[in-house]
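What follows is a short report on a single structure.
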């Protein structure tokens, strides 16, 4: 039995596919604005509790126990008896549910990157199973052996083949044209800017307790993670690009049957790893500073979310978004986060600063 937060998104829908296949009961469903899909999920999975983002949508839900907003989600979690919560909410809104889940002593399957990016120092990662192909790959490979360095891969995003001059004026719709797969808007934008990979490096720092982490572009998205061991060997995790595999390991106690079709090695294109170029991905210049100053994750996350909103509104071209993020990062450089309250205050300050930038 599980509680699923973010049921109508890509991760949420794949989680329900795994639950359907293995007969796992859904105690609670939490969704945003896709009310039509949520009602279909309610009809099939018959949860005890439901929550939606906006109170105005409560009357549209075909259920008699519907909560709304942040406070409603937290109340729903308190009522749930499920030992496992899958948090697939998008953005900073996922942080409080992450904290509440762990406070309640439940296991957490975490797809909400922003929780660890903003507040990793206050979160007990021993209670978390990451739902992310890169971190799942690292976990799968490490197996308690001594490591030298961890590597994750990036597809390169929507603009990996564009001329750099053309990227400057690219719009929101352009940035959603991912070359390898279809995801939600925010993560697709983050992929194009490479913010997503900064997030994943910081997540890996907290999950695996090391700052010896890097990322390379691997265009096929076939290799998700690599581990360089102390003995000098390097191993790679290869699988199809399908989130049902990490979800299955997070939701089931153990996986005893095939989840994905194996990769046909004879059909693989030439595998090539490329360094991430700061001319094409300007935010990448803060990588080392971020890993060595992880309190700055709260700044990066807030600046990124605020900049995306302005980019989506059509105020400016793609590279201006990175400029706002980097200006914010410099403005708040050296900030010290001593509590969860500090994170929420910093989040507000950074968002206001981004709004004020010209």
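Bear in mind that the values in this text are calculations on the coordinates, not laboratory data. These numbers come from a predicted model, not from an experiment. Glycine also receives a Cβ, built like all others from the backbone with ideal geometry; neighbour counts cover every protein chain displayed.
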Cα centroid separation - the stretch 45-91 against the stretch 276-319, whole Å
31 Å
Inverse of mean 1/r across different Cα pairs in the stretch 2-130, Kirkwood, Å
14.3 Å
Between residue 64 and residue 293, what length in nm is gained on full extension when 0.36 nm per residue of separation is reduced by their alpha carbon distance?
77.8 nm
Where only alpha carbons of the chain are counted, the Rg and the Dmax (Å)
19.9, 60
Full-stretch length increase - residue 54, residue 331 - with 0.36 nm per residue and alpha-carbon distance subtracted
96.4 nm
Sort 183, 296, 1 so that the residue with the fewest other Cβ atoms within 10 Å of its own Cβ comes first and the one with the most comes last.
1, 183, 296
Per DSSP H run of at least 4 residues, take -39500 (n - 2.57); add these up for the chain, divide by its residues and hand me the 222 nm value, nearest 500 deg cm²/dmol.
-12500 deg cm²/dmol
Label residue 264 and residue 149 with points 7 Å out from Cα along Cα→Cβ: what is the distance between them in nm?
3.5 nm
When the chain is fully extended, how far beyond the present Cα-Cα distance does residue 356 get from residue 323, taking 0.36 nm per residue of separation?
10.5 nm
Quote the FRET efficiency, to the nearest 0.05, computed for residue 278 versus residue 166 with a Förster distance R0 of 22 Å and r equal to the Cβ-Cβ distance.
0.80
